[in-house]
Amino acid sequence: MATKRILTSVSFIVGVTLALLEIGCSFESVPADRRRQTEAARDEYERKSQAESVASDRQRTDEIWRMMADPGSLSIQQSDALIEALRSPSSLTRTSAAQKLGDAKGARAVDALVAVLRTETDPTTFSAIVEALVNIGNPRATDAFVEALSAPNMPDAARENALDAIVEFRSDWRFRPQIQRFYDSLTDESVRTRVRLVVEGHSKLTNAR
C-alpha cells in the first residue's frame, strides 16, 4: 500500500510538472510570436516607405526636368531654333533671338543664354541676353550675372545691366566683394553714380549690424 501511494504521488508530481512546463512553453511562445509579427510589420513598413521615397524622388526629378525643358510660350521647335540662332555670326540675329526667348519666358533657353552671355562681345546683344534671363527669372543665371560684372572689353553701361539683374534677383547682398570690384573698375561717371547707391546701401546695412 505504501509503495502504491508513493508511486501515485510521484505520478501526480510528474504530471503536474509536465503540465507546468507546457504552460510555461505556451507563455514563452506568445512573446516570440508577437516579436515575429512586429518584425514582419516593421519590415513591411520599411519596404513601403522606401518604395514611396523612390517614387517621390523620381516624381521630383521628372518635374525638374519638365520645368528645365519648358519652352514657355514657344513650341519646342521654335525655342530650339532661336537657341541655335544665339550662335549666329550676326549680332542682330543673336539680339533678336535673345529678345524672343526672353519674351517666351521658357526655362529651356536658360543654359544656352548663360553660355552665350559668357562669350558675347557685342554690347547690345550682351544687354539683350541679360534682359532675357531676367525676364525668364531662373536663378541659374545668377552666377553668370556676377561673372558679367567683369566681362572684358565690355562698356560700363552694358555691365551695369548685369548688376541690375543681380539686384532684381535680390542676390546683391551675397556678392558684395564682386560688386565693390565692379564699382572700382568703372570709368563712366554716370554709371559710377548709380552703382554708388548700391555700394553705399551695402555699407549702411553692414554698419547697422
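Here are the numbers for this structure:
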read-out	value
³J(HN,Hα) computed for each position of segment 108-118 - Karplus, 6.51 cos²θ - 1.76 cosθ + 1.60, integer Hz, glycine/proline x	4, 8, 4, 4, 5, 5, 4, 5, 6, 4, 6
Nonlocal amide H pairs with G106, under 5 Å, H built at 1.01 Å	S73
For Q178, net neighbour charge (Lys/Arg +1, Asp/Glu -1) across residues whose Cβ lies under 13 Å away	0
Counted charge near G137, where neighbours are those whose Cβ lies closer than 11 Å (Asp, Glu -1; Lys, Arg +1)	+1
Nitroxide proxy distance, nm - points 7 Å out along Cα→Cβ at R47 and Q77	4.9 nm
Extension gain, A32 back to T121 (0.36 nm per residue minus Cα-Cα distance, nm)	24.4 nm
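Where a number appears in this text, it was derived from the coordinates with a stated rule and is not lab data. Treat the numbers as computed from the prediction; the structure is a model and nothing was measured. Cβ coordinates were reconstructed from backbone atoms using ideal geometry, including for glycine residues, and neighbour counts include every protein chain displayed.
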